Amino acid sequence: MPSAIEDYALIGDCHTAALVGRDGSIDWLCLPRFDSSSTFGALLGTSDHGCWSLRPVGAETCTSRGYRAGTFILESRWETPTGTVEVIDLMPMGDRRPDVIRRVRGVSGTVRMRQELRIRFGYADALPWVRKVDEQDEEGHASRALVAVAGPDSVVVRGPRLEPEDHMHSGEFDVAEGETVDIVMTWFPSHREPPRPVSVDGQIADTETWWREWRTDPEIDDRDIPEYHDAVERSLLVLRALTDEDTGGIVAAATTSLPENVGGERNWDYRYVWLRDASLTLDALMRHGGFRAEVHHWRDWLLRAIAGDPGDLQIVYGIAGERRLAEWEVGTLPGYRGSTPVRVGNAAYLQFQGDIFGEVMLALDLARRVGIEDDRFSWALQVAILEYLESALDRPDHGIWEMRGPERMFTQSRAMMWAAFDRGVAGVREHGLEGPAEKWAGLRDHLRNEIEEQGFDKDRNAYVQYYGSTEVDASLLTLSAIGYVAADHPRMLGTVAAIEHDLMRDGLLRRYRTEADTDGVSGDEHPFLACSFWLVQQYAASGRLDEATALMDRLVALRNDVGLLSEQYDVTSGAQTGNTPQALSHLALLRSADAIATARTGRPSVPGL
């Protein structure tokens, strides 16, 4: 059985990522990309579905662990009756190949280590052919490596001797104080020869330097929010780890099919690029240090992905901008603790969601405000988006939560359309760009009148989930954040009260009432962490700073021991649920820290806003 979701730490190389448990087992790794099929899939099954265990003989979990400051180099300490060892896990940055390094360092005494390797390519569909090959190390000494091949995939494993044992390869070795044992696994296409070994010392040093240089010279004033400094920094690092180094695509999470409710069917593949999440990531990066290179990189990704007719705009794309993300069920993986189905692909790519137009326009508007000028292609793209949005103005959608029920006029989507036209008007009137500002202003005002008439329930004094409904939705909390309505406006305060009444579960917010049968999927779900962070922002902006801080403190405490957040939280069992680490949760954490800092100091997170 896989570990609890909060027991996993992430290592990655900005192309893919692995999850390492407190028990020393890598239970999830897709090679060579985030969205490739799994090489280790025990996260969605058992050890027989692929894993790589490395720990002292007789030990169950590490004594302590943490990342080297400012990096994704994981250090796990194991204290045993015979001595202490440290295991350093990382995926090297900058070497342009998918490597996993596991270094065992003797701290005191002598410790017997055991390694078990179960390679299962293709979502555990392929048991590889494994052979031993003779090599020479960098100093010319003879060595032996293990090569596993199945279909297009191969890995080479270099380190202590491994022998076949009951559908796996295993071995034991001793590590004494002051000794170091390195194990390196490298993926390569099966039609090529194994790549040559490289210096582990050099890879570790280069990786540490890469991460720390990326996070240098932050513009955020940590004196405003000193108690959240570590959470803010780790969240920024998570967003970078989920960003593909080559394409600029930002995946929503590193995993697929981790259940929203263990045993249920709400299991989705998040290893793709949602325009919403990517736009919000850019917003966060610009507010916390500029990161101009990442902004340009993503803007280029966007231009490539949606090149052509804006009517073909999708809510989600592949990492390189792939359009077809056909959803299918993986029969070879039984699911996380029996939660089926395991899904690959995401049928949401076929949906129309009106909110993404606002998310994209808001992010690109912020880029202008922090000094990143539009080129003729990026502004032309925004004009084309607004022209298409005008033609789709009366079209219902599936909403921000990708409902699999009927399309409706979701109020939050309509407000985000309002924001899209509002930002278009600002581009012309405030930044001197060319465009039909008067027409866009008219469409913006039309949307506002419509929302106020059809998206607001006077009896409840609250905005509603969709036109004609009396239900509320936590996404309505974003209406004040985008400037549609003031955070302290009576209509917004009434909406907050209705959300607190209907959606609060033990102090945290669900997205909506699943029992209202809106989303077309069976079963319940737990509080959605991003929604509770949105409530923090609303509290802070409306003068409820003490409540904002109290809720923020509780949410930050829900991070696991290495600072990661998944999608949802089970308040009954005290466990994280859903895909992990979840970009939207970390994005919302960053915005909440900004909101509290602004409320304390009166200074916006971006000067001039």
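Each reported figure results from applying straightforward, stated rules to the coordinates on display, with no laboratory input. No experiment lies behind these values; they were computed from the predicted model shown. Don't worry about glycine lacking a Cβ; one is built from the backbone with ideal geometry, like all the others, and counts go over all protein chains shown.
If you fit an axis through the alpha-carbon atoms of helix 200-214 and take the longest principal axis of the Cα set of the chain, what angle between them do you get, 0 to 90°, nearest 10?
That works out to roughly 10 degrees.
When the chain is fully extended, how far beyond the present Cα-Cα distance does Arg68 get from Ala347, taking 0.36 nm per residue of separation?
Residue separation times 0.36 nm, minus the Cα-Cα distance, leaves 96.6 nm.
Residues in the stretch 328-351, backbone N under 17 Å from the label point at Asp48 (7 Å along the Cα-to-beta-carbon vector): list them, ranges by number please.
331-339, by backbone N distance to the label point.
Using only the alpha-carbon atoms of the stretch 304-355, report the extent along each of the three principal axes, biggest first, to the nearest angstrom.
Principal extents (Cα only, largest first): 42, 22, 13 Å.
If you find the alpha carbon centre of the stretch 265-342 and of the stretch 25-83, how far apart are they in angstrom?
26 Å
Rounded, prolate or oblate: which fits the stretch 5-202, taking a ≥ b ≥ c as square roots of the Cα gyration tensor eigenvalues, rounded meaning a/c under 1.5, else prolate when a/b beats b/c?
rounded
Taking 0.36 nm per residue of sequence separation and subtracting the Cα-Cα distance, how much length would be gained by fully extending the chain between Ala486 and His229, in nm to one decimal? Show your work: numbers first, answer last.
Numbers: separation 257, 0.36 × 257 = 92.52 nm, distance 2.81 nm.
Going from the current span to full extension adds 89.7 nm.
Does the stretch 1-101 classify as rounded, prolate or oblate by the C-alpha gyration tensor (a ≥ b ≥ c root eigenvalues; a/c under 1.5 gives rounded; else a/b over b/c gives prolate, otherwise oblate)?
Judged from the Cα gyration tensor, the stretch 1-101 comes out oblate (a/c at least 1.5, b/c at or above a/b).
Residue by residue, what Karplus-based ³J(HN,Hα) values in Hz, rounded to whole numbers, does the stretch 355-366 have, using 6.51, -1.76 and 1.60 with θ = phi - 60° and x for Gly and Pro?
Result, ordered by residue: 5, 5, 5, x, 4, 5, 5, 5, 5, 6, 5, 4 Hz.
Residue separation times 0.36 nm, minus the C-alpha to C-alpha distance between His431 and Glu373: what's the value?
19.9 nm
Taking the simple approach of a point 7 Å from Cα along Cα-to-Cβ for both Ala575 and Gln136, what is their distance in nm?
5.3 nm
Put a dot 7 Å past each Cα toward the Cβ at His191 and Asp312; how far apart are the dots in nm?
2.8 nm
List the chymotrypsin sites (Phe, Trp or Tyr not before Pro) within the stretch 234-297 that fall in a DSSP loop (any state other than H, G, I, E or B) and whose Cβ has at most 11 other Cβ atoms within 10 Å.
Listed in order of number, the matching sites amount to none.
Once each part is reduced to its C-alpha centroid, what is the distance from the stretch 455-490 to the stretch 167-207 in angstrom?
For the stretch 455-490 versus the stretch 167-207, the Cα centre distance is 55 Å.
Can you give the FRET efficiency for Glu163 and Asp459, using 1/(1 + (r/R0)^6), R0 = 56 Å, r = Cβ-Cβ distance, to the nearest 0.05? Mind dumping the intermediate values first?
On the way: r = 73 Å, r/R0 = 1.30.
Working from the Cβ atoms, E equals 0.15.
Taking R0 as 35 Å, what's the FRET efficiency between Lys439 and Thr601 from their Cβ-Cβ distance, rounded to 0.05?
Using R0 = 35 Å, I get an efficiency of 0.35.
³J(HN,Hα) across the stretch 25-30 via Karplus (A = 6.51, B = -1.76, C = 1.60, θ = phi - 60°), whole Hz, x for Gly/Pro?
Running phi through 6.51 cos²θ - 1.76 cosθ + 1.60 with θ = phi - 60° gives 9, 7, 9, 8, 7, 10 Hz.
Assign one of three labels to the stretch 396-517, namely rounded, prolate or oblate, based on the Cα gyration tensor with a ≥ b ≥ c the square roots of its eigenvalues; rounded applies when a/c is under 1.5, prolate when it is not and a/b is larger than b/c, and oblate otherwise. Write down the numbers at each step before the final one.
Values: a/c = 2.16, a/b = 1.80, b/c = 1.20.
Judged from the Cα gyration tensor, the stretch 396-517 comes out prolate (a/c at least 1.5, a/b above b/c).
How much net charge surrounds Phe34 when only other residues with a Cβ under 9 Å from its Cβ are counted (Lys, Arg +1; Asp, Glu -1)? It would help to have the intermediate numbers written out before the result.
Numbers: positive: Arg33, Arg271; negative: Asp35, Asp244.
The answer is 0.
Determine, from the Cβ-Cβ distance of Thr470 and Leu545 and an R0 of 30 Å, the FRET efficiency 1/(1 + (r/R0)^6), rounded to the nearest 0.05.
So, using R0 = 30 Å, E works out to roughly 0.45.
Which label marks the calculated value of percent of Cα pairs over 37 Å apart, given the options (1) 51; (2) 40; (3) 34?
The value matching this structure is (3).
Where does the chain land at 222 nm, in deg cm²/dmol rounded to the nearest 500, when only DSSP H runs of n ≥ 4 count, each adding -39500 (n - 2.57), divided by all residues?
Working: 14 runs with 190 residues, N = 609.
Taking each H run of at least 4 residues, the total per residue is -10000 deg cm²/dmol.
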